[in-house]
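The values are calculated or read from the model by the stated rules, or taken from the named source; none is laboratory data. Because the structure is a prediction, the values reported are computed rather than measured. All Cβ positions, glycine included, derive from the backbone under ideal geometry; neighbour counts span all protein chains shown. Side chains included, ligands, DNA and RNA excluded: accessible areas come from the protein's heavy atoms. Shrake-Rupley method; radii C 1.70, N 1.55, O 1.52, S 1.80 Å.
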Amino acid sequence: MMGFDPIPYAIPAFVLLIVAEMVWARATARHGAYEVRDTAVSLGLGLGSVVAGALAAGAVAATLDAAHQVALWRIGWQWWSWPLCFVADDLAYYWLHRAGHRVRWFWASHVNHHSSQHYNLSTALRQTWTGFIAVSFVFRLPLALVGFEPAMILACAGINLVYQFWIHTEAIGRMPRWFEAVMNTPTHHRVHHATNSAYLDRNFAVTFIVWDRLFGTFMAEEPERPIRYGIVHQLGSFNLFQAVFHEWRAMARDVIAAPWRHKLGYLWREPGWSHDGSRETSDMLRQRHARKADNQQSP
Amino acid sequence: MGGTLPLALSLLAVAALIGLARWLGFVKQGRLADFREAEELADSLPGGFRAVATVLDQSGAGALLRDAMGRIAVVAPKGAHFIIRLVAPGWRAQIIGADVIQLSGPDSACRLTIGPAASDWLDAVLRQCESPA
């Protein structure tokens, strides 16, 4: 199965836009917009993810093909199936992304995308090397089972990934209201990358923000709440391999150390969960800060 | 050959972007504005952290904070930003000169110039390094 992969065609544009953003940051004295070691890690992760993706492509395509063999319908290559497939893929991507934040197994693969404390176009390239190990592709199997062509699904997934690039920037404030209502934009996605308690686990959308509005996970950026980027427990170094594997290692350590009846919890519960309550999940963090805000307001 | 040329070009582009970032001066170290910023950062630790004493590095490159239970939080520099860690058994600390304290933990290390209070802070830090887990 040979399909269209838009990512190689987009890479030159990615490079030029990063150059433009760096020049903008320098010209506007935003000296903290980039950090050279952080940028090196982001670009290294991007390059590595392309290699990892190429290595896993055959197995992913074969799995989608196998699912397509037993599909309920044969949708084929009609023109209208493209937009339909794109929207369906975006919905699948929403749930994959949501699982990537709410299930530690998937978080271990996705966390490197969030591990930068900066938010710029190079952050967009911080893609996972371990998505195949995490079997993230299962979220796309329903599309093949419904009858979409596997090559079409992969092309739409590629277009979705390319779309995400431009929303990783502080150079764009807000887009026109109609656009913000439907599409994922820099302001919506900045919220998603925030570590502020109120913003945690919000705005999982990839291309269409409507999924967050529909499933109750939308939050607008609030000017009075400046965003801190990264992850709750920020990485201590700029080591590329630490960025890729740190959560897998931490998860393995927790599973080994946990009592038998709690071992699986460290795989499928949300990041921050612990059997003895010694850590905090995003929900716990949000509740703690809400209580603190209430206490500060009450006389 | 199919994948070699794009990979080589991508490597070249990565090197060029890193070089450009360096040339444009994106190598600045973060600076804490004040105590409050350090205390807000420390409060992101699991369970929160309410500081009863805080000392800033003289250039704002980090901070040490102590809470009512004697726990010590370190706000350590990482590029243009900071990371926050709770001192625990296994950490190491020492004084360099009279007013510099050097700390190192499992995944972070920092050197903070905090003035004559350094030895008092070292005592507090060492108590946490040696306290039972």
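Only helices enter this figure: runs of n ≥ 4 DSSP H residues, each worth -39500 (n - 2.57), summed and divided by the residues of chain B, yield -10000 deg cm²/dmol at 222 nm to the nearest 500. A simple count of charges around residue B:125, restricted to other residues whose Cβ falls under 12 Å of its Cβ and scoring Lys, Arg +1 and Asp, Glu -1, yields +2.
Note on the stretch A:132-256: percent of Cα-Cα distances in each 5 Å bin, starting at 0 and stopping at the bin with the largest distance, equals 2, 9, 14, 16, 19, 16, 14, 8, 2, 0, 0. Applying D = kT/(6 pi eta Rh) to the stretch A:1-146, where Rh is the Kirkwood radius over alpha-carbon pairs, T corresponds to 10 °C and eta to 1.306 mPa s, the Stokes-Einstein value obtained is 92 µm²/s.
Restricting the calculation to Cα atoms, the stretch A:222-298 yields a radius of gyration followed by a Dmax of 15.9, 47 Å.
Within the shell of other residues whose beta carbon sits under 10 angstrom from the beta carbon of residue A:169, the net charge comes to -1, with Lys and Arg scored +1 and Asp and Glu -1. Taking chymotrypsin sites (Phe, Trp or Tyr not before Pro) as exposed when DSSP calls them loop and at most 11 other C-beta atoms lie within 10 angstrom, chain A has its longest site-free stretch at A:81-299. In the full protein context, the stretch B:35-130 carries 45 Å² of accessible surface per residue, based on a 1.4 Å probe and ignoring ligands, DNA and RNA. Cα-Cα pairs above 11 Å in the stretch A:35-81: how many percent? Roughly 75 percent, once rounded to a whole number. Candidates A:114, A:182, A:63 compared by Cα position along the dipole of chain A: farthest toward the positive end lies A:114, with charges placed on Cβ. Would you look at the GNM of chain B, springs on alpha carbons closer than 10 Å, and say which of B:103, B:24, B:112 moves the most? Result: B:24 has the largest fluctuation of those listed. Taking only the Cα atoms of chain A, the ratio Rg/Rh comes out at 0.97, with Rh defined as the Kirkwood radius. The loop-placed trypsin sites (Lys or Arg not before Pro) in the stretch A:215-299, going by DSSP, that have at most 14 neighbouring Cβ atoms within 10 Å of their Cβ come out as A:263. When all protein chains stay in place and ligands, DNA and RNA are ignored, the 1.4 Å accessible-area order of A:26, A:177, largest first, is A:177, A:26. Placing unit charges on the Cβ atoms of the charged side chains and taking the dipole of chain B about its Cα centre, the candidate lying farthest along the positive direction among B:29, B:97, B:55 is B:29. The mean number of partner chain beta-carbon atoms within 10 angstrom of a residue's beta-carbon across peptide A:19-26 is 3. The local environment of residue A:156, defined by Cβ-Cβ distances under 9 Å, has a net charge of -2 under the rule Lys, Arg +1 and Asp, Glu -1. In loop segments of the stretch A:71-164 as defined by DSSP, the trypsin sites (Lys or Arg not before Pro) with at most 11 further C-beta atoms inside 10 Å of their C-beta are A:74. Legend: mean number of C-beta atoms from other chains within 10 angstrom of residue C-beta atoms, peptide A:270-281, equals 1.
Extent along the principal axes, Cα only, for the stretch A:150-216: 39, 24, 22 Å, with the longest axis given first. In loop segments of the stretch A:187-283 as defined by DSSP, the GluC sites (Glu not before Pro) with at most 16 further C-beta atoms inside 10 Å of their C-beta are A:224. Dipole check for chain A: with +1 at the C-beta of Lys and Arg, -1 at the C-beta of Asp and Glu, and the Cα centre as origin, the magnitude is about 600 Debye.
Over the stretch B:1-96, the alpha carbon radius of gyration divided by the compact-protein estimate 2.2 N^0.38 Å works out to 1.58.
Dipole magnitude for the stretch A:1-80: computed about the Cα centre from +1 point charges on Lys and Arg Cβ and -1 point charges on Asp and Glu Cβ, it is near 100 debye.
Be a star and scan the stretch B:80-113 for residues whose amide nitrogen sits under 12 Å from the point 7 Å along the Cα-to-Cβ vector of residue A:237. Within reach of a label on residue A:237, which here means backbone N under 12 Å from a point 7 Å along Cα→Cβ, the stretch B:80-113 contributes B:105-109. So, with a 1.4 angstrom probe, what is the percent of accessible area on the stretch A:43-202 that is carbon and sulfur? Ligands and nucleic acids excluded, carbon and sulfur give 73 percent. Look at the dipole of chain A built from charges on Cβ: of A:257, A:231, A:197, the Cα furthest out on the positive end belongs to A:257. Could you work out the relative contact order of chain B, using alpha carbon pairs under 8 angstrom and six or more residues apart, expressed as a whole percent? Reported relative contact order: 18 percent.
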